[in-house]
Structure formats: C-alpha cells, structure tokens
Amino acid sequence: MTKDNKSSLTGILLMTTAVLLFACKDALVKSTGGYYSPILIIWLQLSFMTIMWLPFLIAYHGWRSLLPKPFLWQFVRGASIAVGMALAYWSIILIPMTDAIAMAFVAPLVVTALSPFLLKERIGVYRILAVIFGFVGALILLRPLFVGEGLGYLIGLLSGIAFGIYYTANRRAAASKGSSIMIVVYPAYIGTVLITPFVPLTWTPPRMDDAAVIIGFMLITYIGQTLLLTAFRFGEATVVAPFHYMHLVGATVLGYIFFSEIPDFYTWFGVVIIVASGLFIAFRENRAN
C-alpha cells in the first residue's frame, strides 16, 4: 500500500468514526424525549465547542482573529449551522432517526441549486437532473406530510436547506483561506452569540438523571468534530466526503436497537434516491474540477 493510499484510508476511517459518533449524539438527543428544546441543545453544543476551540484560535492567530473575515459569509455560516442543527434535532425528536438524517442530506442538492446564483458557477444538465431526482426522493420521504402527519419531516427538510446554505457559505468564505481552527470556531461562536438571547425563553432545568447523557453529548460532539476536521487533513475531500453517508447507517442501527425504529420500503427508496443524487453531483463536480 502506497503512502497516499494509507493516508486516504486513515481519512476514511476518521470520517466514518466521526459520523458514527454523530449518530450516537443524535440518539442521545432522541433519548431525552423532547424534554430539552432544540434551541437549548444546539446552544449547549456550540457553546461547548467555542469554549474548547476559542483559546486555540486566539493563541495561534491573536485577538484580531475574533473578527471573522469575510464577516458576511462567516455570519451566514454561523446562523445557518445553528438553525440547521436546531431543526435537525427537533426532527430527530419527532420522527425516526433514519428519516430525519436522510432529510438533512438534501443539503448537497441545495448547494447545487444555489451555486449559479451565489457562487456564479455553471451547472450542466446532468447536475440539474440530479437535483430534480434528489428532491423527488425528498418528496417520497415527505409522504406523511400529505396526510397531515409529517411536521417532523418538513422540519427535517428545512434543516437540509439550512445545511445547504451553510455549505454554500463555506465555499464563499473559503476564498479567505482561513486555518482549520477558524473553520471550526467561527460558526460555533457566531452561532452561540446568535442563540444565547433565546436560551432564557426555552430554558429547562437539567434533570439529574440526564447528567451522563449531557456529558456524553458534549464529549461526543467535541471528539466527532475533531475527527471530522482531521479526516480531511489525511485524505482528499473527493475520497473522504462520500463516507459521510455512513451517518445514515449509524442512525438506522441505533434507531432499531434503542427505539425499535424499522424503516419501511418507501423510506429506503427515498434514501437511496437522495444519496445517489448527492454522490452523482459530487462525482460530476470532481470531474469538472
């Protein structure tokens, strides 16, 4: 095995471990049964990440680095990730984990749909068809909405749209060529600042029985995010990124073990369409580049 192959394999293992940890984090959120509001949950996640990473940002780049550049797109990153994660947690609480995570995976389709307008990128007919095909898969997952029972699915779709805006903002902000620490810290602390005013409105006193869940949630968040960031340092994005879909595998297994959730045929059909569309778009973009 060559050095490049070993590096790619390390990146794949890190990415897979990271997203499986994210699935564990999602299961912990679902286990609380909706006792804590999604706003409170995402505030805990982002504020903990800020506390852990902000000292490194200041140490490496100085106090001036606290003012993000470019400010507009860093602000959009922080706002969209906060909204997207809050909606995702809300969806996870309301509907089966596999369905909720699958809805969030419409994000690459959103990026492609927005790219001609916000990124000034030309997209060919194949990617346009892939976006349409992917949203057909989303409509299949949204089928409970059409009989008045799909609020969680609509919320999941909105989370995917928010994530798509976040990924689009990532591309715009990438022109500033910030460090890896900046990539993690800016959305975390901007999101924390934006959400904090709403925390008193949704505050719920922590239950003693949830102490292990809360501590586990914070640790898994930190470890998972660190592994995710490190994965791209070892392997190329074109090789590592597709393994993000292992999140669905983890969500399905944990949903079955802990919540007796078994995806039906239509769920799997919709999931396959969304994942296939996302992978095809990634393949076309990589080929174009």
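All of the numbers you see were taken from the coordinates with simple rules; none came from a lab. This structure is a prediction, so every number in the text was calculated from the model and none was measured. Backbone-built Cβ (ideal geometry, glycine too); neighbour counts: all protein chains shown.
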Q: For the chain, compute the number of Lys pairs whose alpha carbons are separated by less than 30 Å, excluding pairs fewer than 8 positions apart on the same chain.
A: 6
**Q.** Span per principal axis, largest first, for the Cα atoms of the range 40-94 (Å)
**A.** 43, 24, 12
Q: Could you estimate the translational diffusion coefficient of the range 171-289 from the Stokes-Einstein equation, with Rh from the Kirkwood formula over C-alpha pairs, at 25 °C and 0.890 mPa s, in whole µm²/s?
A: 135
Q) Using modelled amide H (1.01 Å from N, peptide plane; none on Pro or chain starts), what sits under 5 Å from the amide H of E261, excluding residues fewer than 5 places away? A) Y256
(Q) If exposed means no more than 14 neighbouring beta carbons inside 10 Å and the site is in a DSSP loop, what's the longest run of the chain without any exposed GluC sites (Glu not before Pro)? (A) 1-148
Q. If you average 1/r over every pair of different alpha-carbon atoms in the range 1-64 and take one over that average, what Kirkwood value in Å do you get?
A. 14.9
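Kirkwood hydrodynamic radius, the range 1-114, all distinct C-alpha pairs: what's the number in Å?
After inverting the pairwise mean of 1/r, the radius is 16.8 Å.
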Q: Report the convex hull volume per residue for the range 166-222, counting only C-alpha atoms, in Å³.
A: 104
(Q) For T196, project a label point 7 Å along Cα to C-beta. Then give me every residue of the range 27-65 with its amide nitrogen under 18 Å of that point. (A) 39-58, 63-65
Q. What list do you get for S91, S65, S179 if you sort them by fewest beta carbons within 10 Å?
A. S179, S65, S91
**Q.** Table column - 3J(HN,Hα) (Hz), the range 267-283, Karplus curve with 6.51, -1.76, 1.60, x for Gly and Pro
**A.** 4, 5, 4, x, 4, 4, 5, 5, 5, 4, 5, x, 5, 5, 4, 4, 5
